[in-house]
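Comments concern the structure below.
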Amino acid sequence: MAAPMVRVTGLLCRVFGAIHARRNLSSSQTLIQKIPNSLWNLGRLNHVAIAVPDLEKAKSLYQNVLGAKVSETVPLPDHGVYTIFVELGNTKLELLHPLGQNSPISGFLQKNKAGGMHHICIEVDDIKKAMSDLKQKNIRLLSEQPKTGAHGKPVVFLHPKDCDGVLVELEEA
């Protein structure tokens, strides 16, 4: 007698669960429809940037100890940094090291001697539209025009005080 009761109870749980899920899906679709369409779209996480005091030591950690595919060191004088990208499959790490005394990474490393997370980079489909829209929403940009980033694509940084303390880089996909 117990086995048929368990089957009926299990069936009822699945039926009520499906009804509840459908009800939630219907209400969430309604909420989504109320959000106005944007002129630009936020995409995937492109990379997380880490400022490092010793670039070769950091490169060796990811390449030789962790076994990651690691790029060559690339100087980016316009940004005042050396960069190395660590491939992670679904995203990348960007290792940053100062290039020159006026590098923004020099200041970061003076405050954070051991290094640490510097910024996150998120892709957008239209950087100019994103910049215009974000300005209207009182998000400060760190430059008036996009610069060419490490991937050869337009990038802009958002002020960390407007992004919950995180320096956010937007990169056109």
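The values are calculated or read from the model by the stated rules, or taken from the named source; none is laboratory data. All figures in this text were calculated on a predicted structure; none of them were measured in a lab. A quick note on method: Cβ atoms are made from the backbone with ideal geometry, for glycine too, and the neighbour counts reach across all protein chains shown. The protein model used for the area step is the full one, side chains on, heavy atoms only, and it has no ligands, DNA or RNA in it. Shrake-Rupley method; radii C 1.70, N 1.55, O 1.52, S 1.80 Å.
Among the residues of segment 150-168, none is identified as under 17 Å from Leu134 (Cβ atoms) and modelled with pLDDT under 95. For the criterion of being surrounded by 15 or more Cβ atoms within 10 Å (Cβ to Cβ), over 18 Å from Leu42 (Cβ atoms), within 19 Å of the chain's Cα centre (by Cα) and aromatic (Phe, Trp, Tyr), Phe85 passes.
Residue by residue, here is whether (1) of a type in the set (S, T, N, Q); (2) touching a Gly at 6+ places or on another chain (Cβ under 9 Å); (3) on the phi < 0 side of the Ramachandran plot holds:
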site	(1), (2), (3)
Thr91	yes, no, yes
Ser103	yes, yes, yes
Gly107	no, no, yes
Lys128	no, no, yes
Lys135	no, no, yes
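The C-beta contact set for segment 65-76 (first residue modelled with pLDDT of 95 or more, second residue in a loop (DSSP other than H, G, I, E, B) and surrounded by 11 or more Cβ atoms within 10 Å (Cβ to Cβ), distance under 8 angstrom, 6+ apart or interchain) comprises Ala68/Leu88; Val74/Ala150; Pro75/Leu99.
Among residues of segment 40-53 that are closer than 15 Å to Asn112 by Cβ, those with a beta-carbon under 6 Å from a residue that is of a type outside the set (A, V, I, L, M, F, W, C) and assigned to a loop (DSSP other than H, G, I, E, B) at least six positions away or on a different chain give the pairs Ala51/Gly115; Val52/Gly115; Pro53/Gly115.
Per the conditions (1) more than 18 Å from the chain's Cα centre (by Cα); (2) open to solvent by 80 Å² or more (accessible area, probe 1.4 Å); (3) in contact (Cβ under 8 Å) with a residue 40 or more places away in the chain, the sole criterion not satisfied by Gln110 is (3).
Pairing residues of segment 92-103 that are over 29 Å from Gly67 (Cα atoms) with residues that are open to solvent by less than 30 Å² (accessible area, probe 1.4 Å) and assigned to a strand (DSSP E or B), at Cβ distances under 8 Å and at least 6 apart in sequence or on separate chains, gives Ser103/Val81.
Could you tell me how many of the residues in segment 113-131 are in contact (Cβ under 8 Å) with a residue 40 or more places away in the chain and either β-branched (Val, Ile, Thr) or open to solvent by less than 70 Å² (accessible area, probe 1.4 Å) (or both)? Final tally of qualifying residues: 12. Does Ala130 satisfy the criteria of being within 19 Å of His79 (Cα to Cα) and hydrophobic (A, V, I, L, M, F, W, C)? No.
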